[in-house]
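This report concerns only the one structure given below.
Read-outs throughout are calculated quantities, based only on the coordinates presented, and are distinct from any laboratory measurement. A quick note: this is a predicted structure, and the numbers were derived from the prediction, not measured. Virtual Cβ from ideal backbone geometry, glycine too; neighbours counted across all protein chains shown.
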Amino acid sequence: MATSLKNLSEYSQDKFTDISDKTFGIVVAEWHDDITSVLCQGAIDTLLKHGAQKENIFVNTVPGSFELTLGAQFLAMQEEIDAVICIGVVIKGDTKHDDYINHAVANGLTIVSLKFNKPVSFGLVTTNNLEQALDRAGGKHGNKGVEAAAAAIGMLSF
Ligand code: RBF
């Protein structure tokens, strides 16, 4: 995984299970969609690279990151979905909206994952400014969508 010392979205795939028959739901927030679309593509490319079938990847959008939780729940409750990947970008502003949204999403996705006993990965990029977000969407800090997909595959391999 990427760290401040290791910038690329590297991950260990030694123990990845066969995902050719697995079904993935991706929820993408429309806020900052120029960035979330890049993260989403990173997630899709990663699933395909590791053997997922294109027809087994379902992408849905929600208005903003706050809605990722319910979007994830709509997907997780479907029996045929094996794992859910959530993508959003929340950038700090003049108010504390980012704190409220980020905590709500982190807590909400945890609950959905435990409620449905399925991997629900947290591809929420939470930054102080636009530049930091771009750095994490195919920039110098890799692509967090790639890492969110890798986490979902990793948990399916658990
Ligand atoms: N949604 C995001 O995905 N990213 C943001 O950076 C973001 N900033 C917001 C800032 C404010 C002040 C508000 C009120 C909402 C913001 N939202 C953002 C939208 C939020 O996730 C949600 O879609 C709306 O609050 C409607 O429930």
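Taking amide hydrogens as placed 1.01 Å from N in the peptide plane, the amide H of residue 50 sits under 5 Å from that of no residue at least 5 positions away in sequence or on another chain.
Stretched out straight at 0.36 nm per residue, the stretch from residue 60 to residue 104 would grow longer than its current Cα-Cα span by 13.9 nm. Multiplying the residue separation of residue 128 and residue 79 by 0.36 nm and subtracting their alpha-carbon distance yields 13.9 nm. Evaluating kT/(6 pi eta Rh) at 20 °C and 1.002 mPa s, with the Kirkwood radius of region 80-158 over Cα pairs in the Stokes-Einstein relation, gives 161 µm² s⁻¹.
Over the chain, dividing the summed -39,500 (n - 2.57) contributions of all DSSP H runs of at least 4 residues by the number of residues returns a 222 nm mean residue ellipticity of -13000 deg cm²/dmol. Packing, taken as the mean count of other beta carbons within 10 Å per residue, orders the peptides 36-44, 62-70 from highest to lowest as 36-44, 62-70.
When peptides 26-34, 91-99 are ranked by their average number of other Cβ atoms within 10 Å per residue, the highest-first order is 26-34, 91-99. For the chain, the convex hull spanned by the alpha carbon atoms encloses 100 Å³ per residue.
Build a GNM of the chain with springs between Cα atoms under 10 Å apart, and of 45, 135, 21 the one that fluctuates most is 21. Give 54/92; 15/96; 92/118; 118/144; 22/96 a once-over and call out the pairs whose C-alpha atoms are over 28 Å from each other. Over 28 Å Cα-Cα: 54/92; 15/96; 92/118; 22/96. With Cα atoms as the point set, region 82-126 shows a radius of gyration and Dmax of 11.6, 39 Å.
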